[in-house]
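This report concerns only the one structure given below.
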Amino acid sequence: MKRIATAAGLITLVAALASAPFFLDAYGLGLMMGLAGYVTLATAWALFSGPTGYVSLATVAFVGIGAYCVAALSEVLPYPLVLLIAAGIGLAVALVVGLSTLRLSGVYFVIFTFGLAELIRQLVTFYEINVTGTLGRYIFLGITPEQIYWQLLALGIVTMLLRWWIGRSRIGLALKVIGDDEVVASHVGIDIARTKLALFAISATIMTLVGAIQAPRWTYVEPAIVFNPTVSFLTLIMALLGGATRLWGPLLGAVPLFLLFEWLSANFPNHYSILLGLLFILIVFALPKGVLSFIEQMWGKAHRTDDSGARS
Amino acid sequence: MTALLDIAGLTRRFGGLVAVNGVSFSVARGEVVGLLGPNGSGKTTVLNMISGSLKPSGGDIRLNGERVSGWPAHRIARKGIARTFQLVRILPSLSVAENIVTALAFRRAPLWGADADAAARDLLAKVGLGGRGDEAAENLTYIDQKRMELARALAADPQLLLLDEWLAGLNPTELRVGIDLIASLRDSGITIVLVEHVMEAVRALCGRCIVMTAGSKIADGATADVLRDPEVIRAYLGTGHA
């Protein structure tokens with residue numbers, strides 16, 4: 001019964017979200033689009049980084065690749081094919097990067113991924129200046145904001161379902177073991193490199209698609225816009241705020257933070273970056289394991305009737 | 001006598017230090033072999049090379065005649081070599097039962113879902129942790145963590161079980177229980193190589209012992225003979241006692 005009720009609730013929620021464009025004005029729809037984009041990014045980020053503990057700052061590298069594929073190809077190829085090619089390129093880059101970096105651990109991986117985003121931005125800039133001769137590109141596609149929103153919503157739902165399925169599958173368990181102790185992981189027969197690579201590639205492909213789907217909304221793209229590192233940091237902090245190891249964590253972190261950032265950038269445009277930085281520090285200090293864990297701890301303290309250590 | 005494990009000329013260098021120097025021995029199916037020697041003699045390094053956590057600098061390790069030396073640990077694990085660690089390694093974010101399921105889910109004939117859960121609970125009962133599968137692994141006491149680690153090694157359904165000082169740090173009562181537990185494994189036919197300093201356990205469990213000192217093998221034979229060997233006594237206690 002409870003499962004049916006949950007399923008019914010989720011279906012209602014999806015239906016409500018899907019019909020949102022019919023009730024919202026242009027600003028509201030823009031907000032929903034941004035929200036759907038960041039929820040998907042944060043969930044995709046947590047897909048890989050949550051269980052492995054590998055903090056990636058490469059999010060924007062893949063978002064930017066997706067956007068640039070659309071900018072470069074949308075005039076010569078049909079849109080669905082462009083999305084497919086973007087996903088393919090994102091996947092290929094993720095595999096190459098993954099093969100060469102997943103041996104790195106801890107802070108080295110963080111720095112590498114941050115450097116990767118910058119490297120790709122500089123490469124694109126170099127190419128545009130020296131080969132095509134112009135830095136920016138225009139995207140003229142007959143895709144309405146509603147269509148962008150629905151695509152992002154669908155991608156977001158697929159990402160959530162994927163994450164739910166992985167969490168229950170053997171690969172999900174493999175990731176948890178890797179996150180806990182890599183020596184044990186390899187000694188129980190887990191192919192660590194392959195598991196990490198698969199997850200990194202899936203996560204990166206979704207990020208690439210987010211960038212590709214959102215690109216028509218921007219109309220004009222240039223490297224400084226689509227490879228803006230703030231996107232990586234926002235994604236990271238959203239996932240951390242909600243709790244990167246929980247299924248609903250990234251969503252619960254992304255919604256309030258996205259709305260807060262919107263409000264901040266509208267009301268304090270000059271101090272936005274400062275406030276952003278302060279918020280990052282605050283979240284990492286106050287809620288290192290995310291709000292969901294925090295609430296559970298508080299709940300546990302309030303209900304400390306037995307101390308048998310039993311887990312819910 | 002068919003050798004399950006065949007080691008020939010096994011060598012490991014760390015920079016200029018030769019931790020294991022041309023060690024050769026073989027272990028027959030069903031045997032329980034003790035690997036002895038003073039601290040720093042290279043026993044754990046030998047174990048690490050068999051399980052694949054270290055790559056040998058030279059020499060051969062064969063399991064059932066197939067060369068496994070130099071393979072990554074996960075491939076060796078799937079061939080049927082399981083181990084416990086000198087410093088117990090639990091998976092702290094998982095429950096006790098989930099710790100066991102990890103080994104069930106990634107072995108050669110994997111179990112998953114309800115089957116894996118049931119098998120994990122059986123294994124926990126076997127090592128004396130029956131009914132405690134839902135507890136958080138990090139809340140277990142030291143001996144119970146060791147039991148859990150043993151159950152996880154057994155969950156791999158190993159042909160060869162490597163125990164690295166599994167009995168160290170136990171009090172006399174626990175030691176008795178631990179020895180009985182390993183004896184029951186031996187009686188069920190598992191081949192075991194154990195590194196151990198507790199002589200009581202070595203005498204009770206091992207039909208045969210190999211003694212190493214400073215990276216080289218100095219004795220290999222029936223336990224009672226080996227422990228009387230003057231060279232072994234010299235290695236442990238110094239020349240005055242031989």
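Nothing in this text is a laboratory measurement; each read-out follows from the coordinates by a stated rule. Being a predicted model, the structure only gives us computed values, none of them experimental. When we count neighbours, we look across all protein chains shown, and the Cβ atoms used for this are built from the backbone with ideal geometry, even at glycine.
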Subject >> Among (1) in contact (Cβ under 8 Å) with a residue 24 or more places away in the chain; (2) surrounded by 12 or more Cβ atoms within 10 Å (Cβ to Cβ) - the single one A:Ala26 does not satisfy >> reply: (2)
**OP:** Can you tell me which residue among A:Ser56, A:Ser105 is hydroxyl-bearing (Ser, Thr, Tyr), over 26 Å from A:Trp248 (Cα atoms) and in a loop (DSSP other than H, G, I, E, B)?
**Re:** A:Ser105
**OP:** Of all residues in region B:55-73, count the ones that are within 11 Å of chain A (Cβ to nearest Cβ) and either within 16 Å of the chain's Cα centre (by Cα) or of a type in the set (D, E, K, R) (or both).
**Re:** 1
**OP:** Give me a count of the residues in region B:82-99 that are at the interface with chain A (Cβ under 9 Å from one of its Cβ atoms) and under 17 Å from the mean Cα position of the chain (by Cα).
**Re:** 5
Original post:
Taking the stated definitions as given, is B:Arg121 within 25 Å of A:Gly167 (Cα to Cα), surrounded by 15 or more Cβ atoms within 10 Å (Cβ to Cβ), more than 18 Å from the chain's Cα centre (by Cα) and of a type outside the set (A, V, I, L, M, F, W, C)?
Top reply: yes
**OP:** Select from region B:110-133 the residues that are out of contact with any Ser or Thr (no Cβ under 9 Å at 6 or more places or on another chain) and within 11 Å of another protein chain (Cβ to nearest Cβ) and write down the one among them that is nearest to A:Gly50 (Cα to Cα).
**Re:** B:Gly113
Subject >> Lone qualifier among B:Ala28, B:Ala120, B:Ala97, B:Ala103 - being touching a residue at least 40 places away in the same chain (Cβ under 8 Å) and touching a helix residue (DSSP H, G or I) at 6+ places or on another chain (Cβ under 6 Å) >> reply: B:Ala103
**OP:** Considering only region B:50-73, state which residues are farther than 13 Å from B:Asp6 by Cα and surrounded by 19 or more Cβ atoms within 10 Å (Cβ to Cβ).
**Re:** B:Ser51, B:Gly52, B:Pro56, B:Ala73
